[in-house]
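First comes the structure, then the notes that go with it.
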Amino acid sequence: MDLFIELALSHICRDPNELVNPQFRIGGDDDESVFLSVNTRRKDICVVVIDTAAEVEALVAKINDYENQWLGKLKETQQLHDYFEDGYHFHIKVFLRQDVAENLRDVLTIHPKDIVQIRSFEEIGYPWEWDESK
């Protein structure tokens with residue numbers, strides 16, 4: 001596990017109601033920078049994506065196609081079926097470099113865009129800058 005993955009997972013796990021499973025492979029996907037988290041208080045199921053690349057075209061394509069890329073596969077997973085039946089909401093948490101994160105939302109074409117939460121490594125790496133409302 002690299003430094004950026006540890007940083008993102010530490011940021012997510014500061015909420016005791018957020019459970020992260022870095023070993024959960026969505027639909028057999030071997031991408032080691034994609035994780036699953038479940039927040040039992042907010043009733044959220046999140047795909048956590050950690051990307052350090054300067055170019056984000058492939059990531060943008062995955063996010064724009066989230067229903068086929070992640071959501072459909074998660075709904076087919078027996079372990080998560082009850083969560084979706086109980087009204088849990090789907091979100092995508094993306095952790096990126098700050099220079100990339102600033103422009104990512106503008107190039108996304110998904111609806112609704114509010115299912116995507118974008119955070120930069122620089123923002124979460126300096127805890128005195130955390131905005132708890134995000």
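Key figures for this structure:
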{"item": "Test: R105 is surrounded by fewer than 18 Cβ atoms within 10 Å (Cβ to Cβ) and either among the hydrophobic types (A, V, I, L, M, F, W, C) or not in a helix (DSSP H, G or I) (or both)", "result": "no"}
{"item": "Breaking point among (1) surrounded by 18 or more Cβ atoms within 10 Å (Cβ to Cβ); (2) within 22 Å of I26 (Cβ to Cβ); (3) out of contact with any Phe, Trp or Tyr (no Cβ under 8 Å at 6 or more places or on another chain), for V100", "result": "(2)"}
{"item": "Members of the range 70-95 found to be in contact (Cβ under 8 Å) with a residue 60 or more places away in the chain and of a type in the set (A, V, I, L, M, F, W, C), listed by number", "result": "F95"}
{"item": "Complete set of residues in the range 108-127 that are within 19 Å of L9 (Cβ to Cβ) and not in a helix (DSSP H, G or I)", "result": "V116, Q117, I118, R119, S120, Y126"}
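Values quoted throughout were computed directly from the atomic coordinates according to the rules given, and no laboratory measurement underlies them. All of these numbers come straight from a predicted model, not from anything done at the bench. FYI the Cβ positions are ideal-geometry reconstructions off the backbone, even for glycines, and counts take in every protein chain you see.
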